[in-house]
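J.: Let me give you the structure first, and then I'll get to my questions.
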Amino acid sequence: MIQEAKASCNGKWYLPAGRVDPNENLLDAVKREVLEETGLILKPETLILIECATGSWFRFVFTGKITGGKLKTLDEANEESLQARWVDNINDLTLRANDIIPLIERGYSYTMNKDTLHHSNLIPVSKPLNKLLLRLVITSKKRATNKLHVLVSDTTPVHLPICEINPSRSLLSTLHNFMEELFGSGVAQHRPHGIFSVEFSGGQGGDGLRLTLLVSFKLPVEDVPTIGTYIWHELLENTAANISNRLPRNMTVPLNVIR
């Protein structure tokens, strides 16, 4: 935990956190903020949670390992933070805000249950992007064959469904409208599982982001007709197995939409 130096919350405690600078790589931002605020060198290992709200506000929550540095003391206080401390019980501290409590609980759960089934390490990939984009991996099984299918375009080259995130609305609203565009206003019940991959431009052609979300239908392909330019495509056995393994609980990175 770090003790804040900002005038608005001076002396209160919070997780190491900060904004990504324009044209900055997401991982570089994580390492920079941790070093500035705690004095420690962090090697990010995986995303464990993504939060988003209306507008272009996203919070990426990482876990990782300390590989060097020295814990910041009050003698080294500056405008970034007053000090840093390892804490057993956050109830002993006056917090800047309680919004970090679920993040700490998520980090504790992930770290303490690493030996159980969990999503594999997910690190954002650098891609040249200049928009906020939502890409969907939508799955359903065919009743006649029990084979897993995924929705793809009927164009060449083939691509997954992708749309621009509307910064003036909730991401859930963007998802709902896009699903209706793909399947019609009577779209069958479906389940968003979590994040499959994250691409972040970090100045490569703009400050953009592409989230890939895994979605599944309980109904078979035969009962989920598509409209427009997308079709159901049967997956090869290995690919189908890889995606099927990501469908259970905890096998994707949770996406928490803050209304």
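The values are calculated or read from the model by the stated rules, or taken from the named source; none is laboratory data. Note that the coordinates shown come from a computational prediction; the quantities given were computed from them, not determined experimentally. All Cβ positions, glycine included, derive from the backbone under ideal geometry; neighbour counts span all protein chains shown. Just so you know, the surface numbers come from the protein's heavy atoms only, side chains and all, with ligands and any DNA or RNA stripped out. Shrake-Rupley method; radii C 1.70, N 1.55, O 1.52, S 1.80 Å.
J.: Inspect the range 141-163 for any residue being of a type in the set (Ser, Thr, Tyr) and under 23 Å from GLY208 (Cβ atoms) and give the result as yes or no.
T.: Within the range 141-163 (the criterion being of a type in the set (Ser, Thr, Tyr) and under 23 Å from GLY208 (Cβ atoms)), the answer is yes, since at least one residue qualifies.
J.: Now for a separate question. May I ask you to list pairs of residues, at least six apart or on different chains, whose Cβ atoms are under 6 Å apart, with the first in the range 95-120 being hydroxyl-bearing (Ser, Thr, Tyr) and the second being surrounded by 13 or more Cβ atoms within 10 Å (Cβ to Cβ) and not in a loop (DSSP other than H, G, I, E, B)?
T.: Partner pairs satisfying both residue conditions: TYR110/ILE48.
J.: Is the range 80-94 home to any residue that is under 27 Å from PRO254 (Cα atoms), part of a helix (DSSP H, G or I) and free of Cβ contacts under 8 Å to residues at least 24 places away in the same chain?
T.: Yes, because at least one residue in the range 80-94 is under 27 Å from PRO254 (Cα atoms), part of a helix (DSSP H, G or I) and free of Cβ contacts under 8 Å to residues at least 24 places away in the same chain.
J.: Can I ask one more? Which of the residues that make up the range 228-257 are open to solvent by 80 Å² or more (accessible area, probe 1.4 Å) and in contact with a helix residue (DSSP H, G or I) (Cβ under 9 Å, 6 or more places away or on another chain)?
T.: The answer is GLU234, and nothing else.
J.: Return only the number of the condition from (1) open to solvent by 30 Å² or more (accessible area, probe 1.4 Å); (2) at pLDDT 95 or above; (3) not aromatic (Phe, Trp, Tyr) that MET179 does not satisfy.
T.: It is condition (1) that MET179 fails.
J.: On to the next question. Return the total of residues in the range 229-259 being closer than 25 Å to LYS114 by Cβ and in contact (Cβ under 8 Å) with a residue 12 or more places away in the chain.
T.: Count: 12.
J.: If I ask for residues that are in the same structural domain as PRO225 (by the TED database), farther than 28 Å from GLY206 by Cα and outside any strand (DSSP E or B), which ones from the range 118-159 would you list?
T.: Matches in the range 118-159: LYS142, ARG143, ALA144, THR145, ASN146, LYS147, ASP154.
J.: For the range 39-55, how many residues are open to solvent by 10 Å² or more (accessible area, probe 1.4 Å) and either among the aliphatic types (A, V, I, L, M) or not in a strand (DSSP E or B) (or both)?
T.: Residues in the range 39-55 being open to solvent by 10 Å² or more (accessible area, probe 1.4 Å) and either among the aliphatic types (A, V, I, L, M) or not in a strand (DSSP E or B) (or both): 8 in total.
J.: Now a separate question. Does ARG59 count as closer than 30 Å to CYS163 by Cβ, modelled with pLDDT under 95 and surrounded by 12 or more Cβ atoms within 10 Å (Cβ to Cβ)?
T.: no
J.: For the range 209-227, give me the residue count where each residue is open to solvent by less than 10 Å² (accessible area, probe 1.4 Å) and at pLDDT below 95.
T.: The qualifying residues number 1.
J.: Give me a count of the residues in the range 126-158 that are aliphatic (A, V, I, L, M) and open to solvent by 70 Å² or more (accessible area, probe 1.4 Å).
T.: Number of matching residues: 2.
J.: Turning to a different aspect of this structure: Of the residues in the range 203-252, how many are aromatic (Phe, Trp, Tyr) and more than 22 Å from the chain's Cα centre (by Cα)?
T.: Going through the range 203-252 one residue at a time, the tally reaches 2.
J.: I want to confirm something. Restricting to the range 68-103 and keeping residues that are open to solvent by 50 Å² or more (accessible area, probe 1.4 Å) and within 24 Å of the chain's Cα centre (by Cα), which single residue is farthest from HIS119 (Cα to Cα)?
T.: Among those that are open to solvent by 50 Å² or more (accessible area, probe 1.4 Å) and within 24 Å of the chain's Cα centre (by Cα), it is ARG96.
J.: Let me ask you something else. Among the residues of the range 186-195, are any out of contact with any strand residue (DSSP E or B) (no Cβ under 7 Å at 6 or more places or on another chain) and either open to solvent by less than 60 Å² (accessible area, probe 1.4 Å) or closer than 21 Å to ALA53 by Cβ (or both)?
T.: Taking every residue of the range 186-195 in turn, at least one turns out to be out of contact with any strand residue (DSSP E or B) (no Cβ under 7 Å at 6 or more places or on another chain) and either open to solvent by less than 60 Å² (accessible area, probe 1.4 Å) or closer than 21 Å to ALA53 by Cβ (or both).
J.: Need the failing condition index for GLY206 against (1) crowded, with 18+ Cβ neighbours inside 10 Å; (2) assigned to a loop (DSSP other than H, G, I, E, B), just the number.
T.: The number of the failed condition is (1).
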